[in-house]
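Peer 1: Provided herewith is a single structure, encoded as structure tokens, for subsequent inquiry.
No value in this document is a laboratory result; all are computed from the given coordinates. Keep in mind the model is a prediction, meaning the values are calculated, not measured. Here Cβ is always computed from backbone atoms with ideal geometry, including for glycine, and neighbour counts include all displayed protein chains.
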Amino acid sequence: MKFTLNVDHVATLRNARGEQQPDPVTFALMAEQFGVDGIVVHLREDRRHVNERDVRLMRELVTTKLDLEMAAVDEIIEIARDIQPELATLVPEKRQELTTEGGLNVIDNIEQIKDAIIRLHEKDILVSLFVEPSIEQIDAAYGIDADMIEIHTGNYANAETEDDMFIELDRIKLAVEHAKKLGLGVNAGHGLNYNNISDFLEVEGIDEISIGQAVIARSIFVGLEKAITEMRDLIK
Ligand code: PXP
């Protein structure tokens with residue numbers, strides 16, 4: 001299972017003072033040196049964390065894999081087509097949210113998402129759809145030619161009881177199995193951390209997990225190399 005690092009929060013910290021440091025591009029390159037399998041950034045319409053300069057530089061310098069999280073809107077689709085990340089992950093985006101709150105409703109937004117996939121495919125960009133572990137949403141993603149899905153793991157991560165956690169884990173297992181049968185690639189992420197990752201690893205068939213907050217937060221205490229190595233060791 002591969003481990004990709006979302007570095008948005010480094011940009012958030014930089015933006016807090018409107019200055020240069022900490023630079024998310026430098027951070028991403030160091031993370032690669034310390035063994036992550038890819039870099040993830042979410043270029044939001046409000047640019048609250050990474051901006052175009054960050055994404056363009058990362059495109060030039062990241063040698064593992066760049067996964068651009070984005071809303072299926074014209075402005076960002078055009079930037080993605082120009083930058084050509086290896087993967088574009090389409091996510092729902094709301095101005096007021098603190099972080100992405102759930103998966104895409106592919107079924108209700110099918111035309112908009114299908115159009116985004118077509119435009120990204122024209123530039124040979126693979127497209128992943130961030131969805132809940134729902135068979136119906138996965139079928140919809142498959143029906144409009146998504147290359148992969150990313151399963152939203154937030155409900156697993158935020159489960160208040162052990163029972164709820166295992167119920168959600170079972171939903172995820174069924175969803176992954178279904179997606180794999182259809183031939184879709186399967187990533188997963190949101191809210192995964194050093195405590196909840198071990199139970200999550202019971203789920204078989206996931207290609208990549210995408211983690212941001214937990215690893216960036218830990219790196220402040222123990223340094224980036226150790227934060228990455230510890231997570232890698234847990235994933236192994
Ligand atoms: N995957 C997606 C689609 C996300 O939006 C995020 C958060 O930016 C993550 C993964 C990583 O979540 P976290 O920061 O909670 O690890």
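Peer 1: Go through segment 93-136 and name the trypsin sites (Lys or Arg not before Pro) that are in a DSSP coil and have 14 or fewer other Cβ atoms within 10 Å of their Cβ.
Peer 2: On the way: sites: 94, 95, 114, 119, 123; in loops: 94, 95, 123.
Sparse-neighbourhood loop trypsin sites (Lys or Arg not before Pro): 94, 95, 123.
Peer 1: Suppose we take every Cα in segment 150-198 and form the convex hull; what volume per residue is that in Å³? Before the final figure, lay out each step's value.
Peer 2: Values: hull volume 3.3 nm³, N = 49.
Value for segment 150-198: 67 Å³ per residue.
Peer 1: Still on this model: Can you give the extra length, in nm with one decimal, that the chain gains between residue 48 and residue 108 once fully stretched, where that is 0.36 nm per residue apart less the Cα-Cα distance? Intermediate values should be presented prior to the final figure.
Peer 2: Details: separation 60, 0.36 × 60 = 21.60 nm, distance 2.69 nm.
Gain on stretching residue 48 to residue 108: 18.9 nm.
Peer 1: How many nm is it between the label spots at residue 13 and residue 163, if each spot is 7 Å from the Cα in line with the beta carbon?
Peer 2: In this crude spin-label approximation the distance works out to 4.0 nm.
Peer 1: To continue, here is another question. List the GluC sites (Glu not before Pro) within segment 163-236 that fall in a DSSP loop (any state other than H, G, I, E or B) and whose Cβ has at most 14 other Cβ atoms within 10 Å. All intermediate terms of the calculation are to be shown ahead of the outcome.
Peer 2: Working: sites: 168, 177, 202, 204, 208, 225, 230; in loops: 202, 204.
Within segment 163-236, the qualifying GluC sites (Glu not before Pro) (loop, at most 14 other Cβ atoms within 10 Å) are 202, 204.
Peer 1: Also, I was wondering about something else. Check which residues have an amide H placed less than 5 Å from residue 150's amide H, if you skip close sequence neighbours.
Peer 2: 129, 130, 131, 187
Peer 1: With N residues in segment 161-236, what two-decimal value do you get for its Cα radius of gyration over 2.2 N^0.38 Å? Before the final figure, lay out the partial values.
Peer 2: Values: Rg = 13.7 Å, N = 76, 2.2 N^0.38 = 11.4 Å.
With N residues counted in segment 161-236, Rg over 2.2 N^0.38 Å equals 1.20.
Peer 1: In whole Å, what are the Cα extents of segment 119-208 along the three principal axes, biggest one first?
Peer 2: If we take the Cα atoms of segment 119-208, the spans are 44, 23, 18 Å.
Peer 1: Among 187, 195, 105, which one moves the most in a GNM of the chain with springs linking Cα atoms closer than 10 Å?
Peer 2: Fluctuation is largest for 195.
Peer 1: I need the calculated FRET efficiency for the pair residue 145 and residue 234, taking r as the beta carbon distance and R₀ as 41 Å, to the nearest 0.05.
Peer 2: Calculated value: 0.75.
Peer 1: Shifting gears a bit: Can you check what the Kirkwood hydrodynamic radius comes to for segment 1-96, Cα pairs only, in Å to one decimal? Show your work: numbers first, answer last.
Peer 2: Numbers: mean 1/r = 0.0748 Å⁻¹.
So the Kirkwood estimate lands at 13.4 Å.
Peer 1: With the crude spin-label approximation of a point 7 Å out along Cα→Cβ, what separation in nm comes out for residue 74 versus residue 198?
Peer 2: 5.2
Peer 1: What FRET efficiency would be calculated for the residue pair residue 220, residue 101, taking the C-beta separation as r and a Förster radius of 25 Å, to the nearest 0.05?
Peer 2: Working: r = 25 Å, r/R0 = 0.99.
Efficiency, from the Cβ-Cβ distance: 0.50.
Peer 1: What is the ratio of the Cα radius of gyration of the chain to 2.2 N^0.38 Å, where N is its residue count, to two decimals? Spell out each step's value before the answer.
Peer 2: On the way: Rg = 16.7 Å, N = 236, 2.2 N^0.38 = 17.5 Å.
Output field value: 0.95.
Peer 1: Once you've got the GNM for the chain with C-alpha springs shorter than 10 Å, pick whichever of 161, 64, 153 has the biggest mean-square fluctuation.
Peer 2: Of 161, 64, 153, the most mobile in the Gaussian network model is 161.
Peer 1: Quick check of the Kirkwood formula: for segment 12-53, what is the inverse mean of 1/r over all pairs of different Cα atoms, in Å?
Peer 2: Numbers: mean 1/r = 0.0893 Å⁻¹.
Every distinct Cα pair counted, the radius reaches 11.2 Å.
Peer 1: What number, rounded to the nearest 500 deg cm²/dmol, is the helix-based mean residue ellipticity at 222 nm of the chain, given -39500 (n - 2.57) per DSSP H run of at least four residues and division by all its residues? Please list the in-between numbers first.
Peer 2: Details: 11 runs with 110 residues, N = 236.
Result for the chain: -13500 deg cm²/dmol, rounded to the nearest 500.
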